[in-house]
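**Q** Sharing a structure here in structure tokens format.
The values are calculated or read from the model by the stated rules, or taken from the named source; none is laboratory data. Computed from a prediction, not measured in an experiment: that's the story for all the values here. Ideal geometry is used to build each Cβ from the backbone, glycine not excepted, and the neighbour counts take in all protein chains shown.
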Amino acid sequence: MPKITLTSYGAAGQVTGSCHLLQIGAFQILIDCGFFQGSEENYRRNLDDFPFDTAKIQAVILTHAHLDHCGRLPKLYAAGYSGPVYTTTPTAKLTEIVLADNYQIMKEKTAKYHQPLAYNLLDLKKLKNNWQAIPYYQEQKLGKNISFKLYNAGHILGSALVEIKAGDKTIVFSGDLGAKNMPLVKDRDYLESADYLILESTYGDRDHVDTKEREKKLLETVQRTVLKNSVLLISLFAIERTQDILAVLNNYYERHLDFRVPVYLDSPMALAATRVYRQYRDWLNQKAQDELALDRDIFDFPHLRITSELAQSKNINLAPGPKIILAGSGMAEGGRILHHLARYAPDPKNDILFMGHQVTGTLGHKLINGAFDFDYFGKIIPVEASVEQIDAFSAHADQQELLDWLAHLGNKPQILLNHGNKEALENFKKKISEKLDFPTKILAQQEEIELK
């Protein structure tokens, strides 16, 4: 049996930048190659050379289309990689949308901070030409006694758990594990066993609000816009979160025809992603498919207004309240949300709502933690509006859901924790020990671990 080693070059001791190199003898597999997000210092890490030889990598496997998992894939090709990227078809489609949007944000940062681009349009094209799309549960051989399968991670459309077989060893990468009972995607698959499990810990230190309450809380905030004649600004991740919220609003507006507050979907990226959700509706859960059978489009409803052009986005400002604006990016690090925040955050009558995890250092994290103001292209904008967060719409499993998923494993694998801040990682490691008695280690950046 050849020597097997794992080295993490991202998402080790922090949430973002997922990048794990698995070496089985001479065969090298890279699982994810994501963007670092958060502080400006963290962002600059995306510009650094890879600390491994990209030309020696023989396969790349992508778990899903979120930027912190896919963001540096084009940079791999710029650095000499020329092989395939294995993933599901919806993930490939969504990743192209995410990376095209990120390219525009990078150009904004280049102008503001005089930084080079992490990748260019040619690199994006090389990635597009090297997708190797495979369905769930299909064995994909990579080399002698090396193969893998993808399972449904239940996180976003097309997201995957990766089960790698190397001789008699089974090594599983969770990617991001999904929460249960989400509005659109199917619940995650359970696996029977593993020898090693690289497991995310984003919410390893806490549980979400009861999922039964998430729609109630959202709709109460929506209804307040009428009472206050105000603006509700929702900062959204373009993939999954936007589609979840549109489905909830669709149900509400179609059942309450007298509710006429306009909803502006002001995110070209979200609009493109929603088209992919429509295209791959058979990947959605049964409830969503049943609703689609009755309602031809659960992502459209009375008073929803799509603003794809910049001029349309600017015209939102001319519309009187009450109104609801859905805009990206989800952590308020770029995109049209910044312009809306600059306009509506100074008014105490307005509400700002974040839907999911905010990485430390991002503007979204600063705002939910009580920032009094923020820098808008050199202008200081005061924050007087109410700022709230609804974690229950997060596509990540919370602590109890992670423990529940682990408990279904028929053996006691070695757990290697990634994708979490220090508190989440240490808390979750302790919980796993107390509840399941699984051997658990927290991954460290660039630490080589032999998987014996």
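**Q** Residues GLY334, GLY330, GLY361, GLY410: which one is in the same structural domain as LYS112 (by TED's automatic domain parsing) and either within 28 Å of LEU177 (Cβ to Cβ) or in contact with a Lys or Arg (Cβ under 9 Å, 6 or more places away or on another chain) (or both)?
**A** GLY410
**Q** While we're here: Do we have LYS430 as of a type in the set (Lys, Arg) and touching a residue at least 40 places away in the same chain (Cβ under 8 Å) here?
**A** So LYS430 does not fit the description; no.
**Q** Just give me the residues in region 366-387 being under 26 Å from PRO183 (Cβ atoms) and either hydrophobic (A, V, I, L, M, F, W, C) or modelled with pLDDT under 90 (or both), in sequence order.
**A** LEU367, ILE368, VAL387
**Q** Something else now. Are any residues in region 332-356 at pLDDT below 85 and buried (at least 20 other Cβ atoms within 10 Å of the Cβ), and if so, which ones?
**A** ALA332, GLU333, GLY335, MET355, GLY356
**Q** From the list ALA247, ALA293, ALA288, ALA270, pick out the single residue that is out of contact with any Leu (no Cβ under 9 Å at 6 or more places or on another chain) and among the hydrophobic types (A, V, I, L, M, F, W, C).
**A** When all the criteria are applied, what remains is ALA293.
**Q** Also, quick follow-up: Given the conditions (1) at pLDDT below 90; (2) in a strand (DSSP E or B), which single one is not true for VAL359?
**A** For VAL359, the exception is condition (2).
**Q** Let me ask you something else. Can you find even one residue in region 273-290 that is in contact (Cβ under 8 Å) with a residue 12 or more places away in the chain and closer than 27 Å to LEU367 by Cβ?
**A** The answer is yes, given that some residue of region 273-290 is in contact (Cβ under 8 Å) with a residue 12 or more places away in the chain and closer than 27 Å to LEU367 by Cβ.
**Q** If you scan region 144-167, which residues turn out to be in a loop (DSSP other than H, G, I, E, B) and under 24 Å from GLN23 (Cα atoms)?
**A** LYS144, ASN145, ALA153, SER159, GLY167
**Q** Out of the residues in region 83-128 meeting the condition of being in contact with a helix residue (DSSP H, G or I) (Cβ under 8 Å, 6 or more places away or on another chain) and not in a helix (DSSP H, G or I), tell me which one is surrounded by the most Cβ atoms within 10 Å (Cβ to Cβ).
**A** THR87
**Q** Moving on. What is the residue count in region 1-23 for residues that are closer than 18 Å to TYR81 by Cα and aliphatic (A, V, I, L, M)?
**A** 2
**Q** Restricting attention to region 306-331, report how many residues are without any contact (Cβ under 8 Å) to a residue 60 or more places away in the chain and crowded, with 16+ Cβ neighbours inside 10 Å.
**A** The total comes to 4.
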